[in-house]
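Colleague: Okay, here's the structure, questions in a sec.
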Amino acid sequence: MKLLLVIFLVHAIFIPCFSFDVSGKDLPLTLDNYKSTCPTAFDVIKKEMECIVKEDPRNAAIVIRLHFHDCFVQGCDASVLLDETETLQGEKKASPNINSLKGYEIVDRIKNIIESECPGVVSCADLLTISARDATILVGGPYWDVPVGRKDSKTASYELATTNLPTPEEGLVSIISKFYYQGLSVEDMVALVGAHTIGKAQCRNFRSRIYGDFRVTSALNPVSETYLTSLRELCPESSGEGDSNVTAMDNVTPNLFDNSIYHTLLRGEGLLNSDHEMYSSMFGIQTRRIVSKYAEDPVAFFEQFSKSMVKMGNILNSKSLVDGEVRRNCRFVNT
């Protein structure tokens, strides 16, 4: 009852600022937007992503994360890709991004090829959205159709990047509110967190967890104790020591997109407090049920993940739809 009240209040307070629609049918997005202007766009992106993920499977998680961080700030408008200039404060140095967000050079690499094929046609926002879908497939995840036709923004928001994005140590109620603000449900939230099955986390983001209640939540399991020991060897207790050391959030199948991350949460071994809270929080009646469902049914997880990625990808910046552009270089506004 408490959770329902909290969700109601959160939903009432945070009204989405951007347009979204699961199918894209009520948005200026279509599946064939580039059919005549750049018919090879999807194939080019897919081919290059195949090379990129083959070079390093971790690149799949990096691209998906980059897409997520873009859509939660001003909508999916490639604002996260803008470099800082004398006249523009970018999002890259905002606290949720500066130490963890990577993959800008991956976007540059794909954009250069697309520009050589179809100059000035495919937006960076579309490129990133398509790349995230392909990255998911390449490590074993589900397929979904990607509606396209997004425009690149001419602005970025350091402030929104600081406030809109969930943080690794955040509590469940606060995270729910941030997803609701984007028009995403609790079901969407738990499904999208499933992308952590191929992600890695830095020591600075899980130190408090492994020196906090990790041993208690994992029920003093001998196997979990061994896992905890290895985590503490990687991440010393002293702040500043080994901060950038990384480890997989799914320590069973770290390079395979599957439902293993939910089994991790069931064992009480969630590496990030924000993930762990979805199964352990006193407010997590609904999230606990969904985590259990996805742990038991990988098909249900894949189906919802696909729907939620489309829904997130359809969060648009209404301003960029009017006066946005197709950047020639994803790092800079056209001049």
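The values are calculated or read from the model by the stated rules, or taken from the named source; none is laboratory data. Since we're looking at a predicted model, the values are computed, not measured. Backbone-built Cβ (ideal geometry, glycine too); neighbour counts: all protein chains shown. The area values use the complete protein model at the heavy-atom level, side chains included, leaving out ligands, DNA and RNA. Shrake-Rupley method; radii C 1.70, N 1.55, O 1.52, S 1.80 Å.
Colleague: Run the numbers for D145 and K93: contour at 0.36 nm per residue of separation, minus the present Cα-Cα distance, in nm.
Modeller: Contour length minus Cα-Cα distance gives 15.5 nm.
Colleague: Follow-up question, since we're still on this one. Rank-order 89-97, 131-139, 47-55 by packing density, defined as the average count of other C-beta atoms within 10 Å over each peptide's residues, highest first.
Modeller: 131-139, 89-97, 47-55
Colleague: Cα atoms only: what Rg and Dmax, in Å, come out for the chain?
Modeller: 19.5, 60
Colleague: Shape call for the range 277-317 from the C-alpha gyration tensor, a ≥ b ≥ c root eigenvalues: rounded (a/c under 1.5), prolate (a/b greater than b/c) or oblate?
Modeller: In terms of gyration-tensor shape, oblate.
Colleague: Using 0.36 nm per residue of separation minus the Cα-Cα distance, give me the extension gain between E169 and E117 in nm, one decimal.
Modeller: Contour length minus Cα-Cα distance gives 14.4 nm.
Colleague: Which whole-Hz couplings ³J(HN,Hα) result when phi for each residue of the range 298-305 is put into the Karplus expression 6.51 cos²θ - 1.76 cosθ + 1.60, θ = phi - 60°, listed in order with x for Gly and Pro?
Modeller: Values per residue, Gly and Pro as x: x, 5, 4, 4, 4, 5, 6, 4 Hz.
Colleague: Work through the residues other than P39 whose Cβ is under 11 Å from its Cβ and net out their charges, Lys, Arg +1 and Asp, Glu -1.
Modeller: Local charge sum for P39: -2.
Colleague: Once fully extended, how much extra length lies between D32 and E325, figured as 0.36 nm per residue of separation less the alpha-carbon to alpha-carbon distance?
Modeller: Between D32 and E325, full extension yields an extra 103.6 nm.
Colleague: Give a residue-ordered list of calculated ³J(HN,Hα) values for the range 80-90 (Karplus: 6.51 cos²θ - 1.76 cosθ + 1.60, θ = phi - 60°; whole Hz; x for Gly, Pro).
Modeller: Karplus-based 3J(HN,Hα) across the range 80-90 equals 5, 8, 6, 6, 6, 10, 5, 10, 9, 8, x Hz.
Colleague: Hey, could you grab the Kirkwood Rh for the range 77-160? Inverse mean 1/r over distinct alpha carbon pairs, Å, one decimal.
Modeller: The answer is 14.1 Å.
Colleague: Expressed as a whole percentage, what fraction of the accessible surface of the chain belongs to carbon and sulfur atoms when a 1.4 Å probe is rolled over the protein heavy atoms?
Modeller: That share works out to 56 percent.
Colleague: For the range 182-312, just say rounded, prolate or oblate: build the C-alpha gyration tensor, square-root its eigenvalues into a ≥ b ≥ c, call rounded for a/c under 1.5, and beyond that prolate if a/b exceeds b/c, oblate if not.
Modeller: Prolate.
Colleague: How much area per residue is accessible in the chain when the probe is 1.4 Å and only protein heavy atoms are counted (Å²)?
Modeller: That works out to 43 Å² for each residue.
Colleague: Pairs of alpha-carbon atoms within less than 8 angstrom and 6+ residues apart define the contacts here; what relative contact order does the range 181-335 have, in percent?
Modeller: RCO, the range 181-335: 30 percent.
Colleague: Then there is this: May I ask you to rank E277, E233, E84 by accessible area, largest first, using a 1.4 Å probe over the protein chains only?
Modeller: Ranked list, largest accessible area first: E233, E84, E277.
Colleague: While we're here: Anything over 32 Å Cα to Cα? Flag those among K54/K178; K102/K311; K35/K319; K154/K307; K46/K319; K35/K178, in the order listed.
Modeller: Long pairs (Cα-Cα over 32 Å): K54/K178; K35/K178.
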